[in-house]
Amino acid sequence: MAFAALALAMVVAGIQVVTTQNVVRAALYLVIVLAGVAAIYILLAAEFVAIVQVLVYIGAIVVLFLFGIMLTRAPVGRDIGLDNDQRLVGVVVALGLLGLLTWVLADGFGRTKVPAGSILRTAAIGDSILGPYVIPFEVVSVLLLAALVGAVAIARRD
């Protein structure tokens, strides 16, 4: 029941992300989707991944989106010119991709079950994520910092 409620909220918010004509509201609907993913991780007893989801995606990426929206002076209100006449094509492509993805996953993982003892401790998850990938994580963090400083520098020139 909890998964169904979370999935429904995430689907509705995901549809709102791509159909709303207000950029700030789209970013806030994205927060709902990402928070739903974190809640599903909690349902799966993966609390560490849920906290990382909240810290990295909601706490950093969405804030970076909002900074970009504010610093580029994007129109905050409703913009009529953002819509086009290709919604039917988009729906057909989305349903086709959903069917293809469902078929591939059912074919690949049909009746496979996750073993009960496969849940790792938080320390093991941290070692597997950060062990071989410390340098790429640091490079990405410096890149994001440089992008934010560059956005502030460009915005201050005006």
(request) All but one of (1) free of Cβ contacts under 8 Å to residues at least 12 places away in the same chain; (2) within 29 Å of residue 87 (Cβ to Cβ) hold for residue 55, so report the exception by its number. (result) (2)
(request) Return yes or no: is residue 34 within 13 Å of the chain's Cα centre (by Cα) and of a type in the set (A, V, I, L, M)? (result) yes
(message) Cβ-Cβ distance below 8 Å, separation of 6 or more or different chains: which pairs start in the stretch 128-155 with a residue that is assigned to a helix (DSSP H, G or I) and end on one that is not hydrophobic (A, V, I, L, M, F, W, C)?
(response) 151/68; 151/72; 155/72; 155/73
(request) Keeping to the stretch 32-76, report how many residues are buried (at least 16 other Cβ atoms within 10 Å of the Cβ) and assigned to a loop (DSSP other than H, G, I, E, B). (result) 1
(message) Among the listed residues 107, 85, 79, 127, identify the single one that is of a type outside the set (A, V, I, L, M, F, W, C), farther than 22 Å from residue 11 by Cα and at pLDDT 85 or above.
(response) 107
(message) Quick test of your reading of the structure: residue 68 fulfils all but one of (1) more than 23 Å from residue 130 (Cα to Cα); (2) modelled with pLDDT of 90 or more; (3) in contact with a helix residue (DSSP H, G or I) (Cβ under 8 Å, 6 or more places away or on another chain). Name the failing condition by number.
(response) (2)
(request) Those residues that are within 13 Å of the chain's Cα centre (by Cα) and either assigned to a loop (DSSP other than H, G, I, E, B) or under 13 Å from residue 65 (Cβ atoms) (or both), I need them from the stretch 2-31; list them, please. (result) 17, 26, 27, 28, 29, 30, 31
(message) I need every pair where a residue in the stretch 1-28 that is at negative phi and surrounded by 14 or more Cβ atoms within 10 Å (Cβ to Cβ) has its Cβ under 8 Å from the Cβ of a residue that is assigned to a helix (DSSP H, G or I) and among the small types (Gly, Ala, Ser), sequence separation at least 6 or different chains.
(response) 6/36; 6/39; 9/36; 10/36; 13/36; 16/26; 17/26; 20/26
(request) State yes or no: is residue 60 among the small types (Gly, Ala, Ser), within 30 Å of residue 137 (Cβ to Cβ) and at pLDDT below 90? (result) yes
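The values are calculated or read from the model by the stated rules, or taken from the named source; none is laboratory data. Since the structure is predicted, the reported quantities are computational estimates derived from the model, not experimental observations. Here Cβ is always computed from backbone atoms with ideal geometry, including for glycine, and neighbour counts include all displayed protein chains.
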